[in-house]
Amino acid sequence: MDTITLTFEHGVVVGFLSFATLLFIIFVFRTWIRAYFSGAPVPLATLVGMRLRGTPSALLVDGLIASRKAGHTVSIEIIESCYLANKHSIYDLKTLLESVEKHMQKS
């Protein structure tokens with residue numbers, strides 16, 4: 001192998017890592033920043049797990065922020081479990097918050 005081939009391969013690896021980092025920043029870190037500055041911090045690992053499970057992390061974080069601003073002490077895990085239990089009927093923040101309220105009334 002010559003130097004040109006190795007340089008090209010290194011460029012491909014660096015390009016892929018840069019692209020993966022950019023996607024991480026766009027999809028996960030932005031949501032984490034919004035939650036943190038809204039007073040409802042969520043661990044980065046939880047947000048990554050949500051992305052891997054296919055749950056809409058931005059919607060769930062918005063639900064957590066709205067719940068915290070309303071004075072409820074609900075965790076992101078409860079909000080995610082409410083979403084997963086009713087994901088075929090939850091399409092927006094209002095229906096998500098209604099589902100969380102029903103869950104809190106049962107508990």
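Miscellaneous remarks
- Were the residues from Ser81 through Leu17 laid out at 0.36 nm apart, the gain over their Cα-Cα distance would be 19.8 nm.
- Counting only alpha carbon atoms, the long axis of helix 57-69 and the longest principal axis of the chain meet at about 40°.
- Listed candidates (1) 39, 14, 9; (2) 44, 30, 13; (3) 47, 12, 11 - label of the one calculated as semi-axes √(5λ) of the Cα gyration tensor in Å: (1)
- Calculated FRET efficiency for the pair Phe37/His10, C-beta based, R₀ 35 Å, to 0.05: 0.40
- Computed per residue of the chain from DSSP H runs no shorter than four, each worth -39500 (n - 2.57), the mean residue ellipticity at 222 nm is -22500 deg cm²/dmol.
- Residues His72, His88 arranged by fewest to most Cβ contacts within 10 Å: His88, His72
- For Val42, distant residues with modelled amide H under 5 Å away: Tyr36
- Between His72 and Ile26, the simple label model (points 7 Å from Cα in the Cβ direction) yields a spacing of 3.2 nm.
- Contact order, relative form, for segment 3-106: 18 percent (alpha carbon pairs under 8 Å, 6 or more residues apart, mean separation divided by residue count).
- Between Ala70, Leu23, Leu44, the Cα set farthest toward the positive side of the dipole of segment 1-87 (charges on each charged residue's Cβ, about the Cα centre) is that of Ala70.
- Computed magnitude of the charge dipole of the chain (debye, nearest 20; Cβ of K, R +1, Cβ of D, E -1): 440
Every number here is computed from the coordinates shown, using simple stated rules; none is lab data. None of the values given here were measured: they were computed from a predicted structure. Cβ sites come from the backbone with ideal geometry, for glycine too, and all protein chains shown count toward neighbours.
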